[in-house]
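Undergrad: Handing you a structure now.
The values are calculated or read from the model by the stated rules, or taken from the named source; none is laboratory data. The model shown is predicted, which means the values in this text are computed figures rather than measured ones. Don't worry about glycine lacking a Cβ; one is built from the backbone with ideal geometry, like all the others, and counts go over all protein chains shown. All accessible areas refer to the heavy atoms of the entire protein, side chains included, with ligands and DNA or RNA removed. Shrake-Rupley method; radii C 1.70, N 1.55, O 1.52, S 1.80 Å.
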Amino acid sequence: VNKTILRTLVCPQTGSSLVYNEAKQELWCRASGLAYPVERGVFVMLVDKARPLTQAERESLEIKEE
(Lines give C-alpha, C1' and ligand atoms only; values in the text may rest on other atoms or scores of the structure.)
Protein backbone atom coordinates (compact mmCIF):
# COMPACT_ATOMS: atom_id res chain seq x y z
CA VAL A 1 0.00 0.00 0.00
CA ASN A 2 1.31 3.39 -0.98
CA LYS A 3 2.11 5.29 2.25
CA THR A 4 1.14 8.65 0.72
CA ILE A 5 -2.31 7.34 -0.15
CA LEU A 6 -2.66 5.69 3.26
CA ARG A 7 -2.05 9.05 4.97
CA THR A 8 -4.95 10.60 3.08
CA LEU A 9 -7.47 7.84 3.84
CA VAL A 10 -9.68 8.11 6.90
CA CYS A 11 -12.38 5.96 8.43
CA PRO A 12 -15.70 6.95 6.84
CA GLN A 13 -17.45 6.48 10.18
CA THR A 14 -15.12 8.45 12.47
CA GLY A 15 -12.75 10.42 10.24
CA SER A 16 -9.82 8.84 12.10
CA SER A 17 -6.58 7.62 10.55
CA LEU A 18 -6.18 4.01 9.47
CA VAL A 19 -3.52 1.33 9.93
CA TYR A 20 -2.79 -1.09 7.10
CA ASN A 21 -2.66 -4.76 8.08
CA GLU A 22 -0.71 -6.41 5.27
CA ALA A 23 -1.31 -9.98 6.44
CA LYS A 24 -5.09 -9.55 6.33
CA GLN A 25 -5.20 -7.04 3.45
CA GLU A 26 -7.31 -4.66 5.52
CA LEU A 27 -7.30 -1.09 6.79
CA TRP A 28 -7.96 -0.97 10.53
CA CYS A 29 -9.45 1.93 12.46
CA ARG A 30 -8.61 2.26 16.17
CA ALA A 31 -11.48 4.66 16.86
CA SER A 32 -14.33 2.70 15.26
CA GLY A 33 -12.89 -0.77 15.72
CA LEU A 34 -13.64 -1.59 12.09
CA ALA A 35 -11.56 -3.35 9.43
CA TYR A 36 -12.05 -2.22 5.84
CA PRO A 37 -11.09 -4.76 3.17
CA VAL A 38 -8.62 -4.20 0.36
CA GLU A 39 -9.85 -6.25 -2.58
CA ARG A 40 -7.50 -6.67 -5.55
CA GLY A 41 -5.73 -3.48 -4.56
CA VAL A 42 -8.95 -1.47 -4.18
CA PHE A 43 -9.81 0.08 -0.82
CA VAL A 44 -13.42 -0.75 0.06
CA MET A 45 -14.21 2.19 2.31
CA LEU A 46 -17.83 1.34 3.06
CA VAL A 47 -19.02 0.89 6.64
CA ASP A 48 -21.46 -1.83 5.61
CA LYS A 49 -18.56 -3.82 4.04
CA ALA A 50 -16.31 -3.45 7.09
CA ARG A 51 -16.04 -6.04 9.81
CA PRO A 52 -15.59 -5.46 13.52
CA LEU A 53 -12.08 -6.01 14.83
CA THR A 54 -11.68 -8.80 17.36
CA GLN A 55 -10.55 -7.95 20.87
CA ALA A 56 -7.10 -9.38 20.09
CA GLU A 57 -6.84 -7.21 16.96
CA ARG A 58 -7.85 -4.10 18.91
CA GLU A 59 -5.25 -4.91 21.56
CA SER A 60 -2.55 -5.35 18.89
CA LEU A 61 -3.31 -1.82 17.65
CA GLU A 62 -2.87 -0.45 21.18
CA ILE A 63 0.52 -2.17 21.46
CA LYS A 64 1.71 -0.65 18.13
CA GLU A 65 0.61 2.82 19.25
CA GLU A 66 2.75 2.83 22.42
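Undergrad: With a cut-off of at most 14 other beta carbons within 10 Å, and DSSP calling the residue loop, which GluC sites (Glu not before Pro) in segment 10-50 qualify? Please list them.
TA: For GluC sites (Glu not before Pro) across segment 10-50 that sit outside H, G, I, E and B with at most 14 neighbouring Cβ atoms in 10 Å, the list reads E22.
Undergrad: Where in the chain are there trypsin sites (Lys or Arg not before Pro) that are in a DSSP coil and have at most 14 other Cβ atoms within 10 angstrom of their Cβ?
TA: Qualifying residues, ordered by number: K24, R40.
Undergrad: Under unit Cβ charges (Lys, Arg +1; Asp, Glu -1), what dipole magnitude, rounded to 20 debye, does the chain have relative to its Cα centre?
TA: The dipole of the chain has a size of about 220 debye.
Undergrad: Using a 1.4 Å probe and counting only protein heavy atoms, arrange I5, I63 so the residue with the most accessible area comes first.
TA: Correct descending sequence by accessible area is I63, I5.
Undergrad: Relative to 2.2 N^0.38 Å, what does the C-alpha radius of gyration of the chain come to as a ratio? Two decimals please.
TA: Computed over Cα atoms of the chain, the ratio equals 1.01.
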